[in-house]
Each structure stands twice: as C-alpha cells, then as structure tokens.
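Please read the structure below before turning to the comments.
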Amino acid sequence: MSEVESASPTPPPTQEDEPVLTSRAGAVLTITLNRPDKLNALNADLHKGFAAALREARADDIRAVVITGAGRGFCVGQDLTEFRDAPDDIADRLRTSYHPNILAIRSLEKPVIAAVNGAAAGAGLSLACACDVRIAADSATFVPAFINIGLIPDSGGSFFIHRLLGNARAFEWMASGRRLTAARAHAWGLVNEVVDDDELPSRVAEVAATFATLPTRGVAMTKRLFDGAGSRTLEEQLELEAQMQSAATKTADFREGVAAFLEKRDPSFTGS
Amino acid sequence: MNTDALVLMERDGAIAVVLLNRPKQLNALSTELMDELAGALKDLDADEEIRAIVIGGSERAFAAGADIDELSRATPIDLLYQRRMENWEVIRNLWTPLIAAVSGYCLGGGCELALTCDIVIASETAQLGQPETNLGIIPGAGGTQRWARVAGKAIAMDVILSGRFLSAREALAAGLVSRVVAKEAWLDEAKRVARAIAAKGPVGIRLAKDAVDRAYESPLTLGLEYERRALYLAFASEDAKEGLNAFLEKRAAQFRGR
C-alpha cells in the first residue's frame, strides 16, 4: 500500500497557504503549525495537514522530528469559532481528528521535539506534552485553558501532564487554569530547556541534528520502554528489556558503536 | 527457498517456521495461500523430527483476512467446491503443536487462523479482530465459536458485532493470546517457545495438546476420563520412564519420542 498522498484535482495552494508546513534539513523533519494569525488554533484542516506531516515523518531516513508554531504562538488549542459554527459531538471530533495525531507522535519510531516558540494552551499544551522533548522560548507560556471554559484536559493532556508533573502539581495547576511562565515550567520539569527567544531556532536545530546522528532504533526502543514503564511491573519491564536488547544487538549501529569504541574513534551511526 | 511462494517454510532443528508471504495484500488468505499453507503444514506434521511449528506473517501483518477480491467474485457453490473448510480441518487436525507469532494486523480469517493454533504469541503491535460484519458477512472459519468459548460472550459479541479490534494487551486479558512481546521480538519469542516445547517428550506433548483440545468437545466428566486414559497412554511410553527417572536422578532427560 502506497504511503504517498494522491494529487489533488485542483491546482495545489502555495506552501504558505497550507495550515501545516514541513521542511527537511538532513535527517530532521520540521513540522510547523501554520495559522499564525489565529496563534495556530486547531481546526479540521490543520488536523488533516498535521496527520499528513506525521505520516511523512515515518520515513526511515528521518531520524528526528521537530514540531513548532508559525508566528507568535505555539498552539492555543481548539479553534473556538469552529466549535461554535459546527458543534458536532466533541467526543467524535476528538476521536477522529485529535487522537490519531497524538497517538502518531507516540508511535513515531524517532525522537519528537516540541519547539515551544510561544503560547501553548489547551490542546496545544497537550500537544507539546505529547512530544518526547520540550525546548521553550523564554517568553513562551503554558496555559491549561480547558478549565477556563469548563472543559477537561483532553488530547492526552490528562495523561502526559500527570506523568510529567505528578498528581499534586498536575491537578492543582490544571484545575486552576493559570498561566505558567517558561521558567516555572522548566523548574517543574514540564520543559527540558529554556532559551532566549531569538536563540530558539538555532538551539532546536542543534538538538534535533544531534538526535538525528544517534542510533535511531535504540532511541525508538528506549522511547517505547519508557512509555509503558509506569504501567508495567518490574518483571514485565525486565522481560521487555531483554527482548529489545536482543534486537538492539542485531542492529548495524550496535556493531558500529562497539567497533568505534574499540578502535578509539567517533562512531558514525546510520539509524539502522 | 523460493521467495515468490505464498508460504515460506524453513526447518530449524526440531522446529519449523512457516511464514505467509503475500506482503502487498497483508497476507490476505486466498484459496491458493490456504492450499499451500495446509500442504506445508501437513508435510511438516508427518515429519516426526519436527516437534513444534511456528506460523507467522511479517512484523506488519500476521494476516489481514480472507481475500476480499476473491470472495466478492464467488458464488456460494464456488465456495462449496473450493472445499475451503478442508484446509482448515487439516490445520485443526495436526498433532504437532502450532505456535502463532502474531504481529500487526490479525483480522478476520487471519485471526481465525491464529485462534486455530495452539499458542498465540502477540507482539505489542498486534491488533486482533473479526471485521466480517463490516462487509455484511460473518466469520466463517471458526471465529464465532472460538471467540465465544475463549473470550466469553461479552467480548465475543462486542468484537464480532461492532468490528472493534483488540490490542495485544486486551487480547491477553481476554485469554486469546498467552504472551505479549516487544515488536522486534515477534518471531524470535515464538521460536523460543517452540524450541522449549520441542525439547520436551513428544508423546506427552501430543497427548496433552489432544487432551486440552478435547476440553471443548465434551462434558467435564467425559473430559476427565479422556485425560486419564491419555495419561495412562503417556505412562506406557519410554519417554515417561526416561523423564521420571531423569528427574529422580537429577539429570537432563533424553526423549526419543516413543
């Protein structure tokens, strides 16, 4: 079955019109949410574009993924005008539009970095927290938003934020709805790193490029091991480690890593 | 090995590995594939040196169902004359333990094939389901009967009527699979289990498989009698003497299959 999207019947819009943009730099794919005048609020079109971009990210020659937002904001969650104009059941909307993308981020066999360039609110916050790593601009903010209109944290927010912060902080913060600065988010462990606003693009590029040189299969298996570690018993986790380690020793990167070590040189990993 | 064959078969010591090979169709079970599969399994079953058989597909798919294209063109009399059930009977009547290595899609006829096996090892990516009702038909290779017996009415009805898939962990909880393994280990783990079984006394293994299968066919009292007779038969074997003596003498048993 071909993974390539079929051509659209009308002339394709220019790149700048697309609600989600992708760009490649070596083995790094950057996905940019592109509704800057709406602070990248999520609507059906954006979800479709995002889904396509995440499918593109599955290619074997992509070894790291960056998700970021165009303009001032990262992503402020569900577009409320879409909500008002087409009030179909939110559960169906979550199941068909949101959940597949959140699940896709977790099942991508490579590291996914959220470059939080601005406000991350509501489902945009959940989206950032669904990624493996978060690097935030100094002026970025983190806003639960859901509770401010009487809603619960969706799009995985209740899962990821609980896991990142622990129950006490997660509940108090998400129930309060208050805005968090990047500095506070970093102190809490919600975010891995904070950089000056104008240094975010270069720092993210640096981090992503480094990830892209690592043994991708080993990184992917580590990601999967950590994902379930909270819900498995020690015995189950040990057994899974044994199975995955056996597979890891069969990779070319394992052979290269050992050879480089013995030959006292830098390794050159291919991701397979 | 002819890699164009629909079924790839490899002997590895006392075990054999049989892999379905229609990757573009996600191993959809065409009549041709089932003919080849049944033929390969029958040959292996006749070879006493083969003590356990692993059946698998690929990491992406065990088997995604029957060949819909084929089905859509078939009349009921076509289906009768294809003698499709005979292939399934061949697989059901093997006396060699069958271990299904299930990764990815295990749906419809593919799921029924897995359920026909004795042991199912599922990778964390496995998805099990019977989506036949999406096509206006029903599972016809044992799905309704096996799901009801193994998983119980609640899950059987949900899966078969709603077309929902079970994840590997859900299938484990429902009793359809006995182990969930890492995605990368989907085939290696099944082979490991197969080798462990292959190292045991073949007489005992064949009689045990038969006795467990019998549990679905008769009332408990009859089943218990059947089991006891099978035990007496096992006791009559040289393997039993060897196994019991080896245990008492604190050494490894050497089973000959007699």
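The values are calculated or read from the model by the stated rules, or taken from the named source; none is laboratory data. Because the structure is predicted, anything quoted here is derived from the model rather than measured. Reconstructed Cβ throughout: ideal geometry from the backbone, glycine too, with neighbour counts over all protein chains shown.
Tell me, which residue of the stretch B:137-163 that is part of a loop (DSSP other than H, G, I, E, B) and β-branched (Val, Ile, Thr) is farthest from the other protein chains (Cβ to nearest Cβ)?
Once the filter is applied, the top-ranked residue is B:138.
Looking only at helices (runs of 4 or more DSSP H) that fall completely inside the stretch A:176-258, which ones have 3 or more residues that are away from chain B (no Cβ under 14 Å) and at pLDDT 95 or above?
Numbers: elements: A:182-188, A:200-212, A:216-229, A:234-248.
The qualifying helices (runs of 4 or more DSSP H) are A:182-188, A:200-212.
Which one is farthest from the other protein chains (Cβ to nearest Cβ) among residues in the stretch B:119-136 that are in contact (Cβ under 8 Å) with a residue 40 or more places away in the chain and assigned to a loop (DSSP other than H, G, I, E, B)?
B:126
Being within 14 Å of chain A (Cβ to nearest Cβ) and either of a type in the set (Phe, Trp, Tyr) or on the phi < 0 side of the Ramachandran plot (or both) is true for just one of B:209, B:183. Which residue is that?
It is B:183.
Filter the stretch A:82-110 for residues that are more than 28 Å from residue A:182 (Cα to Cα) and β-branched (Val, Ile, Thr); which is modelled with the highest pLDDT?
This residue is A:96.
Condition test on residue A:266, is it without any contact (Cβ under 8 Å) to a residue 60 or more places away in the chain and part of a helix (DSSP H, G or I)? Before the answer, list the steps.
On the way: without any contact (Cβ under 8 Å) to a residue 60 or more places away in the chain: yes; part of a helix (DSSP H, G or I): no.
So residue A:266 fails the test.
Considering only residues that are part of a helix (DSSP H, G or I) and either β-branched (Val, Ile, Thr) or over 25 Å from residue A:118 (Cα atoms) (or both), which ones fall in the stretch A:57-83?
Filtering the stretch A:57-83 for residues part of a helix (DSSP H, G or I) gives A:80-83.
The one that is part of a helix (DSSP H, G or I) and either β-branched (Val, Ile, Thr) or over 25 Å from residue A:118 (Cα atoms) (or both): A:81.
Hey, can you tell me all the residues within the stretch B:1-24 that are under 22 Å from residue B:83 (Cβ atoms) and within 14 Å of chain A (Cβ to nearest Cβ)?
Across the stretch B:1-24, the qualifying residue is only B:22.
Just checking, how many residues over the stretch A:220-259 are buried (at least 18 other Cβ atoms within 10 Å of the Cβ), hydrophobic (A, V, I, L, M, F, W, C) and out of contact with any helix residue (DSSP H, G or I) (no Cβ under 7 Å at 6 or more places or on another chain)?
1
Return yes or no: is residue B:169 modelled with pLDDT of 95 or more, within 14 Å of chain A (Cβ to nearest Cβ) and assigned to a loop (DSSP other than H, G, I, E, B)?
Judged against the criteria, residue B:169 is not a match.
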